[in-house]
Amino acid sequence: MLIFAVETSCDETSICIINKDKKILSHITNSQREHIKFGGVVPELASRSHLQILQKISKDALIEANIDIKEIDVFCATCGPGLIGGLLVGSTFAKSLALGLNKPFVPINHLEGHLLSPTFNNSIQYPYVVFLLTGGHTQIYLINSINDYELLGETLDDAIGEAFDKVAKLLKLPYPGGPEIEKKAKNGDSEKFKLPHPLQKKINLNFSFSGIKTAVNLIVKNNNNINDVFKANLAASFQRTVTQIIEKKLELTIKHLKKRGIIISQISLVGGVAANKYIYNRIDKVSKKYKCLLIMPPQYMLSDNAAMIGWACINKYSKKQISDLHFKANPRLTINDTLL
C-alpha cells in the first residue's frame with residue numbers, strides 16, 4: 001500500500017511517498033526562504049508559495065520514488081491546525097489528486113502527526129509522555145495508545161518556538177531563530193542575565209513564555225552595547241531559562257501521573273524545538289533521574305514534514321480505507337477533534 005502525504009500547515013511544503021512497511025520512497029521538504037526578511041512567517045506569502053512548490057515537488061517525488069501516480073493507494077494531507085491558507089492549499093491539492101484517480105483521501109491532524117512520530121523508530125511502552133515543542137504549540141500529552149491522547153498541559157500565551165524566534169529578532173539574529181539562538185548560546189554565559197520563570201509558583205503543567213520575551217526586550221532596550229558577547233550571553237541565559245521550565249514541568253508531570261497510579265518508562269520530545277541539543281541533553285538527564293528513557297523520532301520528523309503525516313495515516317486509517325473528501329480544513333483543530 002502506497003501513501004501520498006502532503007504537509008503545508010505553516011511554511012514548510014512537504015510531500016512524502018511511504019508504504020505500509022515504513023519504507024520511504026521519497027520525501028521532499030521545501031523550507032520557504034522568502035519569510036526571512038520579515039523575521040517571521042507571512043501567511044499570504046506562505047499560501048502562494050505552497051501552491052507553486054507543491055506542483056513541482058509532487059512531480060519530483062514521483063520521479064524519485066520511481067512510480068506512476070496511479071500506483072498511489074491513499075492520499076492524505078494535514079487538515080489542521082495551522083495557517084488556514086496553507087491548509088486549504090495542501091488539502092485541496094491532495095483531494096484533487098484523490099478525486100481524479102478515484103482513490104481515498106484521509107484528513108490528518110498535524111498534532112497527531114507529531115505525537116505518533118516517535119512510534120516510527122522506537123519500540124513503544126504505553127503509556128508514554130510527549131512534550132510537543134514547536135513554533136505554534138507547547139503541550140504535554142499522555143499517550144495511552146493510538147487514538148487515545150490526554151492533554152496534560154499547554155502554553156497560555158506564546159509557544160516555545162515562537163519565543164525563540166522573537167528573542168532572536170530582538171537580538172537581530174536571522175530567522176528562524178531557534179538554531180541561531182542555540183548557536184550563539186554555545187559561546188555565552190548562561191548565568192549572566194536572570195530571566196523570569198512564569199508560573200514558577202504554580203503547581204500545574206501549563207507554560208507561559210511571553211514574560212521571558214518581555215524581559216529580554218527590556219534588557220536589549222536598556223543596553224547600549226549590543227555586541228556579540230552581549231548577544232551570546234543573553235541567548236545562553238534565555239535558552240537555559242526555558243530549558244529549566246521544561247525540566248520542572250517534566251518532573252511535575254511524572255509526579256502528577258504517579259499520584260494517579262500511572263507509571264511511565266518513556267518520554268519523548270517532538271517538534272522543531274526538540275532538535276535543540278542543549279534542551280535534549282538536559283531533559284535526558286532528568287529522564288534518567290526518574291528511570292525513564294528519552295525517545296526521539298528520526299531527525300527529519302522533528303520539524304513540519306510529510307513523513308509523519310503519512311505515518312499517521314498508516315497508523316490510523318489506511319487499513320480501514322476510510323475516505324472523507326468533504327472534510328474542511330480547520331486552523332484550530334485540537335487533538336481530540338474527530339476527523340473521520
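The numbers here are math on the coordinates, done by the rules we state, and not lab data. None of the values given here were measured: they were computed from a predicted structure. Cβ placement follows ideal geometry from the backbone for every residue including glycine, while neighbour counts extend to all protein chains displayed.
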key: Residue among H137, V273, T214 farthest towards the positive dipole end of the stretch 122-296, charges placed on Cβ   = T214
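For the stretch 158-278, what is the relative contact order in percent, using Cα pairs closer than 8 Å and at least 6 residues apart in sequence? All intermediate terms of the calculation are to be shown ahead of the outcome.
Details: 138 pairs, mean separation 39.8, N = 121.
Result for the stretch 158-278 is 33 percent.
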task = Please determine, in degrees from 0 to 90 and to the nearest 10, the orientation of helix 160-170 with respect to the longest principal axis defined by the Cα atoms of the chain, where the helix direction is its Cα long axis.
result = 60
key: Nearest-ten-degree value, helix 277-289 long axis tilted from longest Cα axis of the chain   = 80
message = Can you compute the charge dipole magnitude of the chain about its Cα centre, using +1 on each Lys and Arg Cβ and -1 on each Asp and Glu Cβ, nothing else charged? Give it in debye, rounded to the nearest 20.
response = 1080
Rounded tilt (10° steps) of 84-101 against the dominant C-alpha axis of the chain = 20
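Applying a 10 Å radius around every beta-carbon, put 232-239, 175-182, 199-206, 9-16 in order of their mean neighbour count, most first. Write down the numbers at each step before the final one.
Values: 232-239: 24.2, 175-182: 21.4, 199-206: 12.5, 9-16: 27.6.
Result, highest mean Cβ count within 10 Å first: 9-16, 232-239, 175-182, 199-206.
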key: Across the chain: Cys residues that no other cysteine approaches within a C-beta distance under 4.7 Å   = C10, C16, C79, C292
message = So the label point goes 7 Å from the Cα of Y290 along Cα→C-beta, right? Which residues of the stretch 127-142 then have their backbone N under 18 Å from it?
response = 127-133, 138-142
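Could you tell me what percent of the DSSP beta bridges with both partners in the stretch 122-296 are antiparallel, to the nearest 5? Numbers along the way, then the final one.
On the way: 12 of 20 bridges.
Percentage antiparallel, nearest 5: 60.
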message = Under the 0.36 nm per residue contour assumption, what length would be gained going from the current alpha-carbon distance of E150 and N122 to full extension?
response = 8.0 nm
remark   = When H256, H110, H197, H326 are ranked with the fewest other C-beta atoms within 10 Å first, the list becomes H326, H197, H256, H110
task = For each of I245, I262, count neighbouring Cβ atoms within 10 Å of the residue's Cβ, then give the residues from fewest to most.
result = I262, I245
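Quick one: length gained pulling V220 to Q55 fully straight, 0.36 nm per residue minus the C-alpha distance? Can you show the working numbers first?
Numbers: separation 165, 0.36 × 165 = 59.40 nm, distance 4.34 nm.
Between V220 and Q55, full extension yields an extra 55.1 nm.
Taking square-rooted eigenvalues a ≥ b ≥ c of the alpha carbon gyration tensor, is the stretch 236-292 rounded, prolate or oblate, where a/c under 1.5 means rounded and, failing that, a/b exceeding b/c means prolate? Mind showing how you got there, number by number?
Numbers: a/c = 2.27, a/b = 1.83, b/c = 1.24.
Because a/c hits 1.5 or more and a/b exceeds b/c, the stretch 236-292 counts as prolate.
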ask   = So what are the ³J(HN,Hα) numbers for the stretch 238-244, from phi and the Karplus equation (6.51, -1.76, 1.60; θ = phi - 60°), rounded to whole Hz, Gly and Pro as x?
value = 5, 4, 5, 5, 5, 5, 4
